[in-house]
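**Q** Structure provided below as structure tokens; questions to follow.
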């Protein structure tokens, strides 16, 4: 992997670097921003914010609900044992199990969506990263740029250090 | 495979497969060939007789195949055999009528008790230490024969005494016969809760020296003076069966039950009306009722005949027994006396009953005679709904009282003890143990080492009743005379022998055999007076109550009840009232001490049965323990709470037991169940609780010399808080306990 | 026709003698726990005779009341069991399947009659008391709840018997151990579906009540209340 | 503000991972020993039978179930509070959330053990799982214990995820700062986290959704725990108030546990700069609110019973109010209300020490509350003949002590291996809340 990137101590500078890259004709999707914290209040932190996760949560909840319904009702009918004079399929108590499984489905679906869409767990091999990020620096860079030399000026903002990865 | 597992497997599977499969040495036991033809899993019903009290209930034993560790010819081994699993009342038996009491249900544990003696024993330790070593039957019988021969050789046959219970039946007959033929005096009989006072009174009043049989089924009004007829007294099962019918069985007529006692017993707890009375004044109340009945002209005094005539002042209308005077003496309100008398006399058939504590006073005979006279006055003797006397197949054996062998100058040289434990069941002040220690040779036929058999030099353990021929001739309890015998329900587990057979054997082996010779065995002896051809049969049903197997029943089937009661010659005595005498000064010993037969253990002879130990007492729910019942309000005043350790002191000793405050006892009385406090009586009873009999005064009923076990006064002292010895099954005593009432003050 | 087993308890007949208690122990292999365990509340009595005092001496009265499993139609013990160890059988018995019981003891809490008993330890019978054990009744191991079964082993045997003899069950032919022992016949057992049976008739007696009826468990045991004595002549 | 300032912050918060004090070993050893005793006690109980515990007829549930409810209640400190604070974006939550969520996870694990410990045949506990037995019978879903199974497992799953997901960036941070085996272990746990914008966005979304989902689950968990009691017609159990009453009590005891945990961490890990008096102040206010809420529920419950005067309930009422359990009852009232009210109500007293004292009281009080709910009612059911008592046995006390030790042990170990304060959330918190003018292109 080849890459060129800058490390910035301040998010304002990172935002500027992102803006410069855009100005240099780099597509939004090709700009990598890596940070040790989320920057909700900066534009660069909002890129790619759209996600199907809430819908997946709803779908997961529905799957859980159906599972809960089938688990309770079908097993109760499969071997009808009478207890406490209750109906064989007893809705009131079953609703509790159905509720729990609905919520479990939603949670699990959200987490699966998270893992899939955030590519976790994943390998960092061949991907742009710099351990200095964990010290608080914000990394803005481009992986496999077509013309690294042209991008370096865009990243060279006062207060940032430009690095490049060869091989 | 551990030991416990082993038991479980045999119990659950009942097969040998699991046992032979593993190589544990414990399982490599000798296997005897099955002795009988029993189909696994199929129950057979065999008749027997419950031996635990004098009632003599006929039972059916449910026999099923099982694997038992047994002794055969001195050799231990495992055998598949028929084992008694459960006892039910025999529906064909006129006494039990297919029912059985809690004690009878537990009788099966006598056979399987882990501490039952499996072979003859010779004493090795000090007398009373309980240390014995097993010996063979040959040795044991030779020793007994030798001892008796030595007596005979010295011409001292009179120094042989046989101590037993006064249970009517062929067994006692045999003992008496053998003693007589040997040249010894009649057997000595001892029963703590003896009914001899009542028998004597019945002889005086009605000419029948025996216990009455009640026809409660047809009674409309019952006044009961202290008899625990639903619990421990006389023929409790038969009486309970009839009681059930008296309550709900007469088609809308429900008899009234009035109970008179200073303490609310289990029987009293069922009464419609409870009349608290001063101890020992029951006879006064009975005569008070008679007075009112006579004065009101409902019945004429002469109607009582002889039963009235023996009461001083009867013919004069009992002027000393006006309701006011009765109230003074008994504490029962005059108005109540009037009302009870009129109710009693106007709801015929009515019956009055007396037994238990009222007769265990110095004036017990008077109390009994007074109640008899009341019965006679309302014409309830020998009548439906009244009392009657069953004709007896043979005269009762004459016995001697225990006191005859206690005195230093009448100590027997050889004492044979069978099924009685006076060392435990008599007041310490009688010094029974000391007296027995003076006897040079004691042999016991007991199955267990108890306080009395521990003094024995030789123990020749009897079969259990389920393993031997048994016979009983109940003197009461049935509309039909029912001497009954039954064969063994199962084969013996151990190297034991039936005591009657041993006695017969000994009688033949004596240097001068007893003559004329008796049958070889008890079975033959019973066969001699039993119609042949009635053999126990196996019912088809699986449900026990469908069984109709019955014992060999002898005696007439004629109903005797309505026959005129036999009348012997009047003795021409008239008895006058005397105040009951209590041992202990009322100022120093303010409480009446009322020991009572425990529902579970009677006089303590059943304290070794674990089911009965764990059976909650009907009134207190106590299990595995002793306790003192004390009036709840009096306890509150004295700062005594549930479980507090109380010391009860009489002039003759003291015992400590936890307190149970109860609303069912008079404020000037404390009560204790009898039965616990064994020092030596198997693992289940030894060292458990205390024995209230020990501190009783040696007072006796004046006329009959019977122990007056209700005539002791005591003082009490709280000596500590709960010591965890009180084990109750129940929580609260009331359905809505006071402390949960209301919304606060 | 399906059976519906029930019992009538005549409190006017019951004398508190507790013959039923021992009979039950003998029939159902109920372990004796011993003094130490009894003191710690582990005594097992599938049937017990409750005793309640009313009033104070000398105006004191006593109520006896045998309490056993009421075999409720809407038994609160059943639904709470997570493994169906406690459930209603076809005969209307409140069945306890020992093998399925894992010992949550929830049923014991839910039962308002406190008639369920728990095996806190493996039961022991000191030899040779084990020879008495009823081979028709399984032995319960540690950690298992147990309770009155209306002597289901007798019910099963009776069904086999009448089938082999091709006949109907006679009323009164089948009795649990407690009813069989009861000297005063205070306990009457039978088929509530048979309107002619003694138990069915007694269950409709005006004296009949159910224990804790308000709690809605719909017990199949009917208690016939004790009657007061009245003077027939006074009417 | 200079962003490089966040390096010392990270240095500070990962320090406990790389420097071990003697105290750590002392705590682990002591707590470990007690836990081992508890394990031995349990083994003793399984071997000999549940009878070695004090439970008896008719008090079939005792200390084990008291501790079950107590620990499940404690578990409501973390995830629930953390989720609420996240949803309302309370900034002061940042140093608190992880210590809180850890409590949830460990308390749930500990609490969920008790229903197994208390079983008569614990080796068959898996029969509670929803799978068919060899006879194809499934568990009875009408049983509150089956509901417990689902509720606790959902809550535990959610809570573990809720704790673990926001831990990933911090694990990545530790990975970057360590070498050797640590680097490999943390690298594995960090799931290859880089911190790309997408990853941060997905993480935030997931946390938002889970926060929404976990709140009703948490409420349901303690409601269902309360159903274990209120479904039975046991006097003073059979009450509709039990659901909210239990949830409130759970949050009450949970906050108390959190305050104590934070105070301990603050001292032992020298986190004074991060866990500041303001955090205790705020949690103290919450605790005060819950104390008032708790008192309200207790009053409502007691009044209803007293006014209704139903005999069997009055038996329990009086047993706790002035009978054999009164000493516990009034101790509970003092601990849960009389002590916390002035301490937390008067600002001057609402110090860290004050909050800790009040919290200790609440923990004792809430434990007693669970005892007073379970035991007196079982001991006084409808038929007074069957009333009983209950006394714990050594095995129950040992296992109970072991669970407290287990909490300490697990907490010590966790704070040893994971930054107990979320570094990235602290960093994010350092940023001014107003959007930056320079970066906003939309």
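The values are calculated or read from the model by the stated rules, or taken from the named source; none is laboratory data. What you are looking at is a predicted structure, and each value in this text was computed from that prediction instead of being measured. All Cβ positions, even for glycine, are placed from backbone atoms using ideal geometry, and neighbour counts span all protein chains on display.
**Q** Within the group C:21, C:49, C:33, which residue is modelled with pLDDT of 95 or more, within 11 Å of chain D (Cβ to nearest Cβ) and under 26 Å from residue C:218 (Cβ atoms)?
**A** Matching residue, one of C:21, C:49, C:33: C:49.
**Q** Of the residues that sit in region C:67-92 and are buried (at least 23 other Cβ atoms within 10 Å of the Cβ) and assigned to a strand (DSSP E or B), which one is nearest to the other protein chains (Cβ to nearest Cβ)?
**A** C:87
**Q** Now for a different question. Please go through region B:116-134 and pick out each residue that is crowded, with 18+ Cβ neighbours inside 10 Å, more than 13 Å from residue B:444 (Cβ to Cβ) and modelled with pLDDT of 95 or more.
**A** B:116, the sole residue that qualifies.
**Q** Are there strands (runs of 3 or more DSSP E) fully within region C:93-169 with at least 1 residues that are in contact with a strand residue (DSSP E or B) (Cβ under 6 Å, 6 or more places away or on another chain) and at the interface with another protein chain (Cβ under 8 Å from one of its Cβ atoms)? List them. It would help to see each step written out before you state the result.
**A** On the way: elements: C:94-96, C:116-118, C:145-147.
Passing ranges, in order: C:116-118, C:145-147.
**Q** Would it be correct to say that residue D:266 is part of a helix (DSSP H, G or I), more than 25 Å from the chain's Cα centre (by Cα) and either more than 9 Å from chain A (Cβ to nearest Cβ) or closer than 21 Å to residue D:158 by Cβ (or both)?
**A** For residue D:266, the condition - part of a helix (DSSP H, G or I), more than 25 Å from the chain's Cα centre (by Cα) and either more than 9 Å from chain A (Cβ to nearest Cβ) or closer than 21 Å to residue D:158 by Cβ (or both) - is not met.
**Q** Let me ask something additional. Considering every residue within region C:194-210, establish whether at least one is under 19 Å from the mean Cα position of the chain (by Cα), within 14 Å of chain D (Cβ to nearest Cβ) and either part of a loop (DSSP other than H, G, I, E, B) or in contact (Cβ under 8 Å) with a residue 40 or more places away in the chain (or both).
**A** Within region C:194-210, one or more residues are under 19 Å from the mean Cα position of the chain (by Cα), within 14 Å of chain D (Cβ to nearest Cβ) and either part of a loop (DSSP other than H, G, I, E, B) or in contact (Cβ under 8 Å) with a residue 40 or more places away in the chain (or both).
**Q** If residue B:324 passes every condition in (1) touching a residue at least 12 places away in the same chain (Cβ under 8 Å); (2) surrounded by fewer than 24 Cβ atoms within 10 Å (Cβ to Cβ) but one, which one does it miss?
**A** Only one criterion is unmet by residue B:324, namely (1).
Each row is one residue, and each column tells you yes or no for (1) in contact (Cβ under 8 Å) with a residue 40 or more places away in the chain; (2) closer than 17 Å to residue D:258 by Cβ; (3) in contact with a helix residue (DSSP H, G or I) (Cβ under 8 Å, 6 or more places away or on another chain).
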residue	(1), (2), (3)
D:353	no, yes, no
D:356	yes, yes, yes
D:359	yes, yes, yes
D:366	yes, yes, yes
D:376	yes, no, yes
D:379	yes, no, yes
D:415	yes, yes, yes
D:427	yes, no, yes
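**Q** Still on this structure: Answer with yes or no whether residue D:270 is surrounded by fewer than 19 Cβ atoms within 10 Å (Cβ to Cβ) and within 23 Å of residue D:93 (Cβ to Cβ). Step through it out loud before you land on a result.
**A** Working: surrounded by fewer than 19 Cβ atoms within 10 Å (Cβ to Cβ): yes; within 23 Å of residue D:93 (Cβ to Cβ): yes.
Here the answer is yes, as residue D:270 does meet what is asked.
**Q** Something else now. Give, as residue ranges, the helices (runs of 4 or more DSSP H) completely inside region D:1-89 that count at least 3 residues that are at pLDDT 90 or above and in contact with a helix residue (DSSP H, G or I) (Cβ under 7 Å, 6 or more places away or on another chain).
**A** In region D:1-89, the matching helices (runs of 4 or more DSSP H) lie at D:22-48, D:63-74, D:79-87.
**Q** When you check residue D:373 against the structure, is it assigned to a helix (DSSP H, G or I) and either at pLDDT below 95 or under 27 Å from residue D:60 (Cβ atoms) (or both), yes or no?
**A** So residue D:373 fits the description; yes.
**Q** Which residues, taken from region D:134-153, are at pLDDT 90 or above and within 7 Å of another protein chain (Cβ to nearest Cβ)?
**A** Taking region D:134-153 and keeping what is at pLDDT 90 or above, we get D:138-153.
Answer for region D:134-153, where residues must be at pLDDT 90 or above and within 7 Å of another protein chain (Cβ to nearest Cβ): D:138, D:139, D:140, D:141, D:142, D:143, D:144, D:145, D:146, D:147, D:150, D:151.
**Q** Kindly evaluate residue A:141 against the criterion of being surrounded by 23 or more Cβ atoms within 10 Å (Cβ to Cβ), under 18 Å from the mean Cα position of the chain (by Cα) and more than 7 Å from every other protein chain (Cβ to nearest Cβ). Reasoning before the result, please.
**A** Numbers: surrounded by 23 or more Cβ atoms within 10 Å (Cβ to Cβ): yes; under 18 Å from the mean Cα position of the chain (by Cα): no; more than 7 Å from every other protein chain (Cβ to nearest Cβ): yes.
No.
**Q** Considering D:52, D:46, D:28, which residue is within 25 Å of the chain's Cα centre (by Cα) and either touching a residue at least 12 places away in the same chain (Cβ under 8 Å) or surrounded by 17 or more Cβ atoms within 10 Å (Cβ to Cβ) (or both)? Talk me through it step by step, then tell me what you get.
**A** Values: D:52 fails: within 25 Å of the chain's Cα centre (by Cα); D:46 fails: within 25 Å of the chain's Cα centre (by Cα).
The conditions single out D:28.
**Q** Residues that are more than 14 Å from chain D (Cβ to nearest Cβ), in a strand (DSSP E or B) and surrounded by fewer than 24 Cβ atoms within 10 Å (Cβ to Cβ): does region C:55-63 have at least one?
**A** Looking for residues that are more than 14 Å from chain D (Cβ to nearest Cβ), in a strand (DSSP E or B) and surrounded by fewer than 24 Cβ atoms within 10 Å (Cβ to Cβ), one finds at least one in region C:55-63, hence yes.
**Q** I've got another one for you. For region D:154-235, which helices (runs of 4 or more DSSP H) that fit wholly inside it have 1 or more residues that are facing another protein chain (nearest Cβ under 8 Å), modelled with pLDDT of 95 or more and within 30 Å of residue D:320 (Cβ to Cβ)?
**A** By residue number, D:197-230.
**Q** Continuing with the same structure: Which of the numbered conditions does residue A:154 fail, given that it passes all the others? Conditions: (1) surrounded by 23 or more Cβ atoms within 10 Å (Cβ to Cβ); (2) more than 27 Å from the chain's Cα centre (by Cα); (3) in contact (Cβ under 8 Å) with a residue 12 or more places away in the chain; (4) over 16 Å from residue A:30 (Cα atoms).
**A** Residue A:154 satisfies all of (1) surrounded by 23 or more Cβ atoms within 10 Å (Cβ to Cβ); (2) more than 27 Å from the chain's Cα centre (by Cα); (3) in contact (Cβ under 8 Å) with a residue 12 or more places away in the chain; (4) over 16 Å from residue A:30 (Cα atoms) except (4).
**Q** What number of residues within region C:36-46 satisfy the criterion of being more than 9 Å from chain D (Cβ to nearest Cβ) and touching a residue at least 40 places away in the same chain (Cβ under 8 Å)?
**A** 2
**Q** Same structure again: So which helices (runs of 4 or more DSSP H) stay within region A:1-97 end to end and still have 1 or more residues that are more than 14 Å from chain C (Cβ to nearest Cβ) and crowded, with 17+ Cβ neighbours inside 10 Å? Steps first, please.
**A** On the way: elements: A:11-23, A:43-46, A:53-69, A:75-78.
Once the helices (runs of 4 or more DSSP H) in region A:1-97 are filtered for at least 1 residues that are more than 14 Å from chain C (Cβ to nearest Cβ) and crowded, with 17+ Cβ neighbours inside 10 Å, what remains is A:11-23, A:43-46, A:53-69.
**Q** If you don't mind, there's one more thing I want to ask. Just to be sure, is residue B:717 within 30 Å of residue B:200 (Cβ to Cβ) and not assigned by TED's automatic domain parsing to the domain that holds residue B:129?
**A** Considered against the rule, which asks whether it is within 30 Å of residue B:200 (Cβ to Cβ) and not assigned by TED's automatic domain parsing to the domain that holds residue B:129, residue B:717 comes out as no.
**Q** Is there a residue in region D:112-133 that is more than 9 Å from chain C (Cβ to nearest Cβ), outside any helix (DSSP H, G or I) and over 29 Å from residue D:51 (Cα atoms)?
**A** yes
**Q** Tell me which helices (runs of 4 or more DSSP H) are completely within region B:590-690 and hold 1 or more residues being at pLDDT below 95 and away from chain C (no Cβ under 14 Å), or say none if there are none.
**A** Numbers: elements: B:610-613, B:632-638, B:682-685.
Output list reads B:632-638.
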